[in-house]
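Enquirer: Let me give you the structure first, and then I'll get to my questions.
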Amino acid sequence: MNVPLFRYTVTSNATKLVVISGGLILMGVIMPVMFATFGKEVGAFVESVPLLDQFADFGGGDLFTLTGSVAMGFTHPFTLLLVGIMAVAFPALAIAGERDKGTLEVTLSRPISRTGLFATLYVAGLVFIGLLLAILVGTAVITTYAVGLGHELKLANAVQLWLGGTLLFVAFMSLAFAVSVNSDRAAPAVGVPAIFILLNYLAFAIGSIWPDVKWLGDYSVFHLLKAQDTLNSGLAPGDALILVAFSGVFVALALYLFPRRDLPAPS
């Protein structure tokens, strides 16, 4: 890993991290407060209307239990969008975007190998995603205690939720890096992993509210997170291993492809 490049990467993304952190803090506050204010009343109403009950578990969470509310904040489209900026846009712009601008060659003309460049950027991405999700989980935990419901939340399971979420978004980042090192332009490097994530999320969300196609959700990468189950009983080791293996495949692919590519800027 190249320390000067790592420092530069962190400082150049600092503003983006602050803005995204602000959005995640808002999400971490809103979900526990909504449950404390409306959750039990709304839950009782929904349970009395069978037609609405099937929508109770949208996106792997609900507003009728504390763990369900925190879990929904973790898998909410807003959260996905914010963290996805780092999981997808950062890898795409860091390599394919630099090649698109013709500046990647300049970076590699310095005493840093392609493997060293990739490793540095990948570690930076790990730090970014881990930090952002720690802010989200930490805010949700602090807010839960602030509204007097801390006794309903297991801190150890909240830490495991952070780990599971980090593994999920790192898996997406690994895919994005693999696409980025093999792309000439920034747009495809963003678009391909973004479409993959969108399709997986749609399958996950639709499967959670439509019993007839529940099987769709089982084939989604998001199904490996199980945010509410993690808060209730801990992270499933099998799901975590699958996410690690997913990341490992694409990291290996990127490390194989990147040193073997010609890197002049596309005409």
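Each reported figure results from applying straightforward, stated rules to the coordinates on display, with no laboratory input. This one's a predicted model, so the numbers in the text were calculated from it and none came from an experiment. We place every Cβ from the backbone using ideal geometry, glycine too, and count neighbours over all the protein chains shown.
Enquirer: So which DSSP H runs in the chain come out at 15 Å plus along the axis (Cα) with average Kyte-Doolittle of at least 1.0? Numbers along the way, then the final one.
Expert: On the way: long enough: 14-34 (30 Å, 1.95); 114-146 (48 Å, 1.80); 155-180 (37 Å, 1.68); 186-209 (35 Å, 1.86); 237-257 (30 Å, 1.95).
Qualifying helices: 14-34, 114-146, 155-180, 186-209, 237-257.
Enquirer: May I have the convex hull volume per residue, in Å³, for the Cα set of the chain?
Expert: On the way: hull volume 32.9 nm³, N = 267.
Spread over its residues, the Cα hull of the chain gives 123 Å³ apiece.
Enquirer: Between Pro32, Pro237, Pro91, where does the largest GNM mean-square fluctuation fall for the chain, given springs only between Cα atoms within less than 10 Å?
Expert: Pro237
Enquirer: I need the shape label for the range 78-123. Rule: rounded when a/c is under 1.5, else prolate if a/b > b/c, else oblate, with a, b, c from the alpha carbon gyration tensor. Write down the numbers at each step before the final one.
Expert: Working: a/c = 4.76, a/b = 1.92, b/c = 2.48.
Since a/c reaches 1.5 but b/c is at least a/b, the shape of the range 78-123 is classed as oblate.
Enquirer: Follow-up question, since we're still on this one. Given a cut-off of under 8 Å on Cα pairs at least six residues apart, what relative contact order in percent is computed for the range 66-184? Walk me through the numbers before you get to the answer.
Expert: On the way: 78 pairs, mean separation 53.9, N = 119.
Value for the range 66-184: 45 percent.
Enquirer: Given that compact globular proteins tend to follow 2.2 N^0.38 Å, what is the ratio of the alpha-carbon Rg of the range 84-188 to that value?
Expert: Numbers: Rg = 17.7 Å, N = 105, 2.2 N^0.38 = 12.9 Å.
Dividing the Cα Rg of the range 84-188 by 2.2 N^0.38 Å gives 1.37.
Enquirer: Follow-up question, since we're still on this one. Using a 10 angstrom cutoff on alpha carbons, build the Gaussian network for the chain and name the most mobile of Leu155, Leu132, Leu121.
Expert: Leu155
Enquirer: Here's a follow-up. Report the per residue volume, in Å³, of the convex hull enclosing the C-alpha atoms of the range 145-267. Before the final figure, lay out each step's value.
Expert: Details: hull volume 18.0 nm³, N = 123.
In the range 145-267, the Cα convex hull volume per residue is 147 Å³.
Enquirer: Can you put His151, His223 in order, fewest other beta carbons within 10 Å first?
Expert: On the way: His151 9, His223 18.
So the residues, fewest neighbours to most, are His151, His223.
Enquirer: Using Cα pairs closer than 8 Å and at least 6 residues apart in sequence, work out the relative contact order for the chain, in percent. Display every interim value, and only then the final one.
Expert: Working: 374 pairs, mean separation 70.3, N = 267.
In percent, rounded to a whole number, it is 26.
Enquirer: So what's the back-of-envelope 222 nm ellipticity for the chain, counting only DSSP H runs of four-plus at -39500 (n - 2.57) apiece and dividing by all residues, rounded to 500?
Expert: Working: 14 runs with 186 residues, N = 267.
My calculation for the chain gives -22000 deg cm²/dmol from helical runs alone.
Enquirer: Among Val159, Val19, Val29, determine the one that fluctuates most according to a GNM of the chain built with springs between C-alpha atoms less than 10 Å apart.
Expert: Top of the fluctuation ranking is Val19.
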